[in-house]
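*Asks:* Got a structure here, written out as structure tokens. Questions coming.
Read-outs: derived from the displayed coordinates by stated rules, not from any lab. Quick caveat, the model's predicted, so the values are computed rather than measured. For neighbour counting, all protein chains shown are included, and Cβ atoms are generated from backbone atoms with ideal geometry for every residue, glycine included.
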Amino acid sequence: MRLNIKISINMSGSITFTMVKPAAVADGHAAAILAKIAEGGFKIKALKMTRLSKEQAEQFYAIHSERPFFGSLVKSMSSGPIIAAMLEKDNAVEAFRAYIGATNPAEAAAGTIRKTYGKSIEDNAVHGSDSDDNAQLEAGYFFSQFERF
Ligand code: ADP
Ligand code: MG
């Protein structure tokens, strides 16, 4: 008897989700940040400019709803347009969080996106997913299958 086993290996790396936050877009840094992301070897799989409503920002950051900064964060994140993107790279979630730097730009390593473009711990230029599951969840808010390449 012959046994045929088909093994499929996903060679294309893993996915993370990012947003260029409203303050960074308003300050004119969106294109430079996208260029820096590409320079880091992150491949853009989906991309759009949009704006979060207050309710959408609350849903996106729901895990932080009990934190003292929640109201201010939601206000900031819904204050103007953002650039949302789905990125691909090996170990994308961890690699991208290292690439953007610490949450507080003041503590972020030199050369990271948050160090270069972040204005404060709240307006820290970019979002980066913190797990593979959250990357899928967050990308799902923004991109249909027809918008993914
Ligand atoms: P990260 O974005 O690095 O994953 P968190 O998930 O802890 O950080 O926080 C989500 C977002 O909330 C941060 O990116 C930042 O915009 C904001 N934030 C976090 N901590 C503070 C704080 N102490 N004061 C104001 N805003 C904060
Ligand atoms: Mg986080």
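*Asks:* For a quick check: with amide H placed at 1.01 Å from N, whose amide H comes under 5 Å from Lys45's, ignoring anything fewer than 5 positions away on the same chain?
*Replies:* Met86, Leu87, Glu88
*Asks:* What list of ³J(HN,Hα) values in whole Hz, one per residue of region 44-50 in order, does the Karplus curve 6.51 cos²θ - 1.76 cosθ + 1.60 (θ = phi - 60°) give from phi, with Gly and Pro shown as x?
*Replies:* With coefficients 6.51, -1.76 and 1.60, one gets 7, 9, 7, 7, 7, 9, 7 Hz.
*Asks:* Estimate the FRET efficiency between Tyr141 and Ile44 by the formula 1/(1 + (r/R0)^6), using the beta-carbon distance for r and 22 Å for R0, to the nearest 0.05.
*Replies:* Given R0 = 22 Å and the Cβ-Cβ separation, E is 0.80.
*Asks:* Among Thr16, Ala102, Phe60, pick out the residue whose Cα is farthest towards the positive end of the charge dipole of the chain, where Lys and Arg carry +1 and Asp and Glu carry -1 on C-beta, about the Cα centre.
*Replies:* Thr16
*Asks:* Pairs of alpha-carbon atoms within less than 8 angstrom and 6+ residues apart define the contacts here; what relative contact order does region 19-143 have, in percent?
*Replies:* Reported as a whole number, the value is 31 percent.
*Asks:* Which residue, Met77, Met86, Met49, tops the fluctuation ranking in a GNM of the chain built on C-alpha contacts under 10 Å?
*Replies:* Met49
*Asks:* Within region 52-90, what residues put their amide N at less than 19 Å from the label point 7 Å along the Cα-to-Cβ vector of Ser120?
*Replies:* Zone members listed by number: 54, 57-58, 61, 64-82.
*Asks:* Explain nothing, just compute: Karplus ³J(HN,Hα) = 6.51 cos²θ - 1.76 cosθ + 1.60, θ = phi - 60°, for every residue of region 74-79 in order, whole Hz, x for Gly and Pro.
*Replies:* Result, rounded to whole Hz: 4, 4, 5, 6, 10, 7.
*Asks:* Within the set Lys89/Lys115; Lys48/Lys119; Lys21/Lys54, which residue pairs have Cα atoms separated by over 18 Å?
*Replies:* Pairs exceeding the cut-off: Lys89/Lys115; Lys48/Lys119.
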